[in-house]
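Working notes for the structure below.
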Amino acid sequence: MSLILFIFIGLFGAFFITFLKSSLINLFGENNILLFKLKNAGWFQNYWLAGIFLFFINATLFFSTALLLYAMTYFIIPYVHLLIMTLAVIGSIFLWIIINKAWQGTRKNRLKMGAVGSSFYMILSLMLIYLLVTLEPLYPGEDTFMRAIGLVMGIVVTTVAFISCLIFTGFSNKKEVNEARF
């Protein structure tokens, strides 16, 4: 029962943060060095290059978090994995907000950039769906239920990450766009 509760709490939190997207973006300051460097980089205004940059940022964050979680399996410290996953989500949202604020192109190109960058999570989700569909026992009589639950949780997490990344990076803040016109 606690597994389902954690999934629902995580989904509710992700949708709540996505709902408050414009407030989070406006709360974030303009005096960040990474934001300044990305705004002034000529290559970042090309949606393909910016999308590939976002793709590799997402991949780096995902695999470094997975490596850290794997390293935590060697220690007997309870609930640290929840802290690591929470910090990874906060770090991802922080970087997505920086990329959102640094982008200066059109809305259409912003959506293309967000789709290219968040496609990392879609590819990962499709791979997990394939693994779930082709799941077979490793030896006769093995119960694959726990592996199936892990794959379903992975599919939920990567799908939510795809949607959140696309919303944070692919759609602009209307208030921010209107302020730029005046």
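Laid out as a table, the results:
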read-out: Computed over the stretch 3-170: relative contact order in percent, which uses C-alpha pairs under 8 Å that are six or more apart; value: 32 percent
read-out: Using distinct alpha-carbon pairs, which all enter the 1/r mean, Kirkwood radius of the stretch 120-166 in Å; value: 11.2 Å
read-out: Per principal axis, descending, Cα span of the stretch 1-88 in whole Å; value: 48, 30, 24
read-out: Of every Cα-Cα pair in the stretch 3-170, the percent that sits beyond 22 Å; value: 50 percent
read-out: Percent accessible area from carbon and sulfur atoms, the chain, protein chains only, probe 1.4 Å; value: 76 percent
read-out: Among 54-66, 80-92, 138-150, the order from most to least packed when residues are scored by Cβ within 10 Å on average; value: 54-66, 80-92, 138-150
read-out: Two-decimal ratio, the stretch 76-132, of alpha-carbon radius of gyration to 2.2 N^0.38 Å; value: 1.52
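The values are calculated or read from the model by the stated rules, or taken from the named source; none is laboratory data. Bear in mind that the values here come from a model prediction, so they are computed numbers and not experimental data. When we count neighbours, we look across all protein chains shown, and the Cβ atoms used for this are built from the backbone with ideal geometry, even at glycine. Heavy atoms of the whole protein, side chains included, go into the accessibility calculation; ligands, DNA and RNA do not. Shrake-Rupley method; radii C 1.70, N 1.55, O 1.52, S 1.80 Å.
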